[in-house]
1. If Rh is defined by the Kirkwood formula over all Cα pairs and Rg also comes from Cα, what ratio Rg/Rh do you get for region 92-176?
2. To test your reading of the geometry: what angle, between 0 and 90 degrees and rounded to tens, separates the Cα axis of helix 91-107 from the longest principal axis of the chain?
3. How big is region 49-100 by the Kirkwood estimate over distinct Cα pairs, in Å?
4. Could you calculate the FRET efficiency of residue 142 with residue 70 from 1/(1 + (r/R0)^6), where r is the beta carbon distance between them and R0 is 25 Å, rounded to 0.05?
5. Which listed residue (130, 57, 22) has the Cα farthest towards the positive end of the charge dipole for region 11-148, taking +1 on Lys and Arg C-beta and -1 on Asp and Glu C-beta about the Cα centre?
6. To the nearest 20 Debye, how big is the dipole of region 11-148 about its Cα centre, given +1 on the beta carbon of each Lys and Arg and -1 on that of each Asp and Glu?
7. In deg cm²/dmol and to the nearest 500, what is the mean residue ellipticity at 222 nm of the chain if only DSSP H runs of at least 4 residues count, each as -39500 (n - 2.57), divided by the residue total?
8. Using θ = phi - 60° and the Karplus curve 6.51 cos²θ - 1.76 cosθ + 1.60, what whole-Hz ³J(HN,Hα) does each residue of region 119-134 get, with Gly and Pro shown as x?
Amino acid sequence: MNKNITFDLSLGTLGKVILHFFRLYLGGWMIISGTSYWLTQAGAAPIFPQPVGNMPLSSQMLVTMIEVGLFDIVKTLEIVCGVLLMLNRMMPLAIVLALPISGVVWYNAIVLNLRTDRLFSPTYMGVMCFYMSIVLAFGYLRHFAPLFTWKSRIGHVSEVKTIFEAMRRDETVDPR
């Protein structure tokens, strides 16, 4: 049995390769970051130490988040988001989770830690996680377009079923 694998070498293909690379890289980073934090909470050694800021405002924000329990929620959502990204499941939800988490990471890294020299550093995840989240959001733009409906009606409780219908859908299968 002879099966030839072919692909279309085009700008669209390159875009998909970049989106999948970002999805996997960001997902892996989020899993490692969240897991590293929870390892320290369990008394184990972290994968890498959790930075608590180099500048006073950064330290204040991170320590406050830890003290009020928000950091636990963020790190848990980071793992959930990372798993969804890695498995390529519920991507719009994963992106909605990734954007605020990575946005705060970006804000902390650039604004609070005064690292404007790393604003476009491709090896610095303090900024790249946010940029990758934004690019992924554009890749799934059609899922977010309805959010911009100018006037919309209030839904019904019976519409909860649409969540389960969406979870059963597989858009990767060609209907032809």
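What follows is calculated from the coordinates using simple rules that are stated; it is not laboratory data. Fair warning: this is a prediction, and the values are worked out from it, not measured in the lab. Glycine also receives a Cβ, built like all others from the backbone with ideal geometry; neighbour counts cover every protein chain displayed.
1. Values: Rg = 17.6 Å, Rh = 15.7 Å.
Expressed as Rg/Rh, it is 1.12.
2. 30 degrees
3. Working: mean 1/r = 0.0822 Å⁻¹.
About 12.2 Å for region 49-100.
4. Numbers: r = 32 Å, r/R0 = 1.29.
The calculated FRET efficiency here is 0.20.
5. My answer, from the dipole projection, is 22.
6. Values: 7 positive and 4 negative charges, 87 e Å.
Approximately 420 debye in magnitude.
7. Numbers: 7 runs with 105 residues, N = 176.
Counting only the DSSP helices, I get -19500 deg cm²/dmol.
8. Values, residue by residue: 3, 10, 7, x, 9, 9, 5, x, 10, 5, 4, 6, 5, 5, 4, 5 Hz.
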